[in-house]
Amino acid sequence: MFYQINLFQQAPRLEVPVYFLLGRHDEVVTAPVAERYFNALIAPAGKRLIWFENSGHWPQFNERKKYRETLIEQVLRETMP
């Protein structure tokens, strides 16, 4: 069922801040497809694409420190009052 989702059609616009934290070597959600959707996505509240160069599908495990720092220093700082 997951592979039947087409975000280009079902979520072309999001009204909340959007963060893509992506592993460069992901074989499930490949970099070209993720980047193409990111570029097409309309996100008036802002969007940010953050690459994890030494990760596949699980950057939260492969690059724990960078992932945690990204959440704290970017996502939380930019979205919490």
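The values are calculated or read from the model by the stated rules, or taken from the named source; none is laboratory data. The structure displayed is predicted, hence computed values, not measured ones. Positions of Cβ are generated from backbone atoms using ideal geometry, with glycine treated the same way; all protein chains shown enter the neighbour counts. Surface accessibility is based on the protein's heavy atoms, side chains included, excluding ligands, DNA and RNA. Shrake-Rupley method; radii C 1.70, N 1.55, O 1.52, S 1.80 Å.
Between Gln74 and Gln10, the distance separating the two model label sites (each 7 Å from Cα on the Cα→Cβ line) works out to 2.5 nm. Taking only the C-alpha atoms of the chain, Rg followed by Dmax gives 13.2, 37 Å. For the range 1-35, applying the loop criterion from DSSP together with a ceiling of 15 other beta carbons within 10 Å to the GluC sites (Glu not before Pro) yields Glu15, Glu27.
Between amide H atoms placed 1.01 Å from N, distances below 5 Å from Leu49 occur with Phe20, all of them 5 or more places distant or on a separate chain. Positive-end ranking of Pro12, Thr70, Trp51 along the dipole of the chain, with charges on Cβ about the Cα centre, is headed by Thr70. For the pair Val29 and Lys65, a Förster radius of 30 Å applied to the C-beta separation gives a FRET efficiency near 0.85, rounded to the nearest 0.05.
Computed with every protein chain present, the accessible area of Lys66 is close to 80 Å² [probe 1.4 Å]. Please compute the contact order of the chain in relative form: average sequence separation of alpha-carbon pairs under 8 Å and at least six residues apart, divided by the residue count, as a percent. Relative contact order, the chain: 33 percent. Positive contributions from Lys and Arg (+1) and negative ones from Asp and Glu (-1), summed over other residues with Cβ under 13 Å from the Cβ of Leu71, come out at +2.
With K and R counted +1 and D and E -1, the other residues having a Cβ less than 12 Å from that of His25 yield a net charge of -3. Per-residue ellipticity at 222 nm computed for the chain from its helices equals -7000 deg cm²/dmol, with DSSP H segments shorter than 4 residues left out and the rest contributing -39,500 (n - 2.57).
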